[in-house]
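Okay, structure first, notes after.
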Amino acid sequence: PPMNNLLPLLATILFGGTLLNAAPPSKPNIVVILVDDMGWADLGCYGSEIPTPNLDALAKGGLKFTQFYNTARCCPTRASLLTGLYPHQAGIGHMVDAWSERAGESYAGDLSPKSVTIAEALKPAGYRSYAVGKWHVTPHGPDIDRHNWPLQRGFDKYYGCLSGAT
């Protein structure tokens, strides 16, 4: 038989048909969990004496940070985790409600329009993004522009509160 008829047979024998019938690689699910007021060693997977079996299972099947710096405050830490930037670069060098016009963009108290959230970055790759919990990276209230609310920053669904101490 001609050689081109043997190639599929040879590939099936050598690779068990995986090359011929291979499904396109699937995108990994990404779950990011930020917990306020929790220490690094408060999880079992990092050595805690407190049992955290569900979180440990997530960590075992995924990626664990071994070098992550928080900013000792919730707003700047969230801004950094959402954008991958230092909090001052993301416009939240301190707390959302503690901004100063004299301090410039670093202390705007509002997520910078120059920053890109993880949801905005993943959307072109076909990801759907969901956020749950406290947003706390933009001013809130009935008269506030919604430009930095979760749905305006790339998230498909949001379940939570926009302010901090709610």
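The values are calculated or read from the model by the stated rules, or taken from the named source; none is laboratory data. Just so we're clear, the structure is a prediction, and the values are computed from it rather than from any experiment. Backbone-built Cβ (ideal geometry, glycine too); neighbour counts: all protein chains shown. In case anyone asks, the SASA skips ligands and DNA or RNA and just uses the protein heavy atoms, side chains included. Shrake-Rupley method; radii C 1.70, N 1.55, O 1.52, S 1.80 Å.
Per-residue accessible area (protein heavy atoms, 1.4 Å probe) orders 46, 107, 86, 130 as 86, 130, 107, 46, starting from the largest. Expressed as a whole percent, the accessible surface of the stretch 82-159 that belongs to carbon and sulfur atoms is 56, based on a 1.4 Å probe. Net charge of the neighbourhood of residue 117, taken over other residues with C-beta under 11 Å away and scored Lys/Arg +1, Asp/Glu -1, is +2. For a straight C-alpha distance cut-off of 23 angstrom, the lysines reachable from residue 60 (same-chain residues fewer than eight places away being disregarded) are 27. Once Lys and Arg get +1 and Asp and Glu get -1 on their Cβ, which of 88, 142, 55 lies farthest toward the positive end of the dipole of the stretch 46-166? Comparing the listed Cα positions along the dipole, 55 ranks first.
Is the stretch 39-166 rounded, prolate or oblate when judged by the Cα gyration tensor, a ≥ b ≥ c being the square roots of its eigenvalues, rounded requiring a/c under 1.5 and prolate requiring a/b larger than b/c? In terms of gyration-tensor shape, prolate. Near residue 135, once Lys and Arg are set to +1 and Asp and Glu to -1 for all other residues with Cβ below 14 Å from its Cβ, the sum equals +2. On a straight-distance basis, which aspartates and glutamates could pair with residue 123 in a cross-link, Cα separation under 16 angstrom, same-chain partners fewer than 8 positions away excluded? Candidates past the 8-residue exclusion: 156.
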